[in-house]
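Worksheet: one structure, shown below.
The values are calculated or read from the model by the stated rules, or taken from the named source; none is laboratory data. Every value quoted in this text rests on a predicted model; they were computed, and no experiment measured them. Cβ sites come from the backbone with ideal geometry, for glycine too, and all protein chains shown count toward neighbours.
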2 protein chains.
Amino acid sequence: MNFEDFEEKTISRETIFKGQIIDVKFDTVALPGNRGAAPRELVFHNGAVAVLAITSDDKIVLVRQFRKALEKVIYEIPAGKLEQGENADPQAAMLRELEEETGLAAKTVTKIAEFYTAPGFSNELIYLYKAENLVKVENPRPQDDDEILERYEVSLAEAKALIASGEIADAKTILAIQHWELSTHA
Amino acid sequence: MNFEDFEEKTISRETIFKGQIIDVKFDTVALPGNRGAAPRELVFHNGAVAVLAITSDDKIVLVRQFRKALEKVIYEIPAGKLEQGENADPQAAMLRELEEETGLAAKTVTKIAEFYTAPGFSNELIYLYKAENLVKVENPRPQDDDEILERYEVSLAEAKALIASGEIADAKTILAIQHWELSTHA
């Protein structure tokens with residue numbers, strides 16, 4: 001099938017909410033092939049960065065933080081949203097988040113992948129990097145005022161156990177740990 | 001730190017939007033430790049299911065569909081949202097989606113993981129399964145009227161190439177393919 005066989009053309013778009021993190025739109029779309037119209041509920045996001053940071057003793061750096069949408073404290077890899085204008089340089093944004101959230105800088109950075117987190121309703125795209133040869137920053141940029149984080153370092157075996165037990169239950173974090181495990185098979 | 005050191009208590013909650021797929025809320029929260037108040041933009045979702053379906057000739061079943069939030073056609077593993085009341089039995093919901101999207105049933109089902117897709121703003125939780133010993137359903141339940149899908153089957157090597165080229169750029173799909181690759185090392 002061609003793009004035309006799939007494309008949902010916008011009949012109307014209503015702005016429901018314009019926030020600091022997300023914009024919410026409500027579309028009515030024309031289904032292809034004269035199948036009629038359908039509603040689409042959409043959450044637009046500026047994108048984010050995340051980092052698989054590996055220490056010199058082969059541990060992954062994790063942070064625990066409270067997530068209001070879940071009313072829970074969860075483990076994640078260091079991550080943060082792209083500020084306006086940062087889309088042109090997500091690697092710099094990643095290094096900023098790494099410093100703010102962990103006090104670390106990285107001498108070696110490689111890009112792992114970019115992926116959509118929830119394409120059924122959102123355009124959020126995460127740029128995922130690997131950071132190695134980490135060094136402590138003398139006077140790191142402070143965490144955001146409204147972010148309270150606790151930092152952990154765990155081995156691959158420990159990270160896998162946290163996934164198996166359900167204590168790590170964040171898609172980008174599982175994806176990064178799997179990538180790390182696969183890279184050790186190389 | 002304890003939960004109290006992280007918890008953001010709700011000062012006020014405003015309902016911005018109540019849709020068929022998402023509810024959007026705007027909270028003002030009290031930061032712990034008398035750090036003041038902060039806004040939280042939240043997208044509530046009923047959860048979803050997804051499936052790593054492996055054919056008898058060791059290929060993964062993928063679907064291509066248009067995603068309005070991206071204005072693109074993307075590759076994903078078969079997936080769908082939980083209907084109201086299905087939360088108690090996500091495996092049944094997964095089998096329904098598999099049949100609707102691919103016309104297949106599975107004799108062997110195992111749970112892989114459950115994970116949050118975008119915990120920074122959403123509570124969407126995906127239940128991911130592996131389905132094997134697939135059989136064609138004689139008269140499968142039809143696709144949803146407003147879903148146009150194209151089905152593909154690719155080998156692990158082909159799936160990895162699609163990730164490397166960026167053509168597969170969906171978090172749950174990459175996570176499932178990496179799981180598949182790791183399971184072949186066992």
### Message
Any residue in region A:93-118 that is within 12 Å of A:Ala53 (Cα to Cα) sitting within a Cβ distance under 7 Å of a residue that is among the acidic types (Asp, Glu) and crowded, with 18+ Cβ neighbours inside 10 Å? List the pairs, counting only those 6 or more apart or interchain.
### Response
A:Ala105/A:Glu99
### Query
Which of the residues belonging to region A:119-169 are free of Cβ contacts under 8 Å to residues at least 40 places away in the same chain and within 12 Å of another protein chain (Cβ to nearest Cβ)?
A:Pro119, A:Gly120, A:Asp145, A:Asp146, A:Lys160, A:Ile163, A:Ala164, A:Ser165, A:Gly166
### Query
Which of the residues belonging to region A:1-16 are over 17 Å from B:Leu70 (Cβ atoms) and surrounded by 15 or more Cβ atoms within 10 Å (Cβ to Cβ)?
A:Ile16
### Query
Going through region B:83-100 one residue at a time, which ones are at pLDDT below 95, farther than 28 Å from A:Arg64 by Cα and either within 14 Å of the chain's Cα centre (by Cα) or surrounded by 21 or more Cβ atoms within 10 Å (Cβ to Cβ) (or both)?
B:Glu83
### Message
Looking at A:Ala118, A:Ala48, A:Ala37, A:Ala53 in this structure, which one is at pLDDT 95 or above and surrounded by fewer than 21 Cβ atoms within 10 Å (Cβ to Cβ)?
### Response
A:Ala37
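Hey, among B:Asn133, B:Asn123, B:Asn87, which residue is in the same structural domain as B:Ile177 (by TED's automatic domain parsing) and over 30 Å from B:Phe26 (Cα atoms)?
That would be B:Asn133, the only listed residue that is in the same structural domain as B:Ile177 (by TED's automatic domain parsing) and over 30 Å from B:Phe26 (Cα atoms).
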### Boolean, B:Leu162 is hydrophobic (A, V, I, L, M, F, W, C), in contact with a Pro (Cβ under 8 Å, 6 or more places away or on another chain) and assigned to a helix (DSSP H, G or I)
no
### Task
State all residues of region A:110-143 that are within 13 Å of the chain's Cα centre (by Cα), part of a loop (DSSP other than H, G, I, E, B) and among the β-branched types (Val, Ile, Thr); if no residue qualifies, say none.
A:Thr117
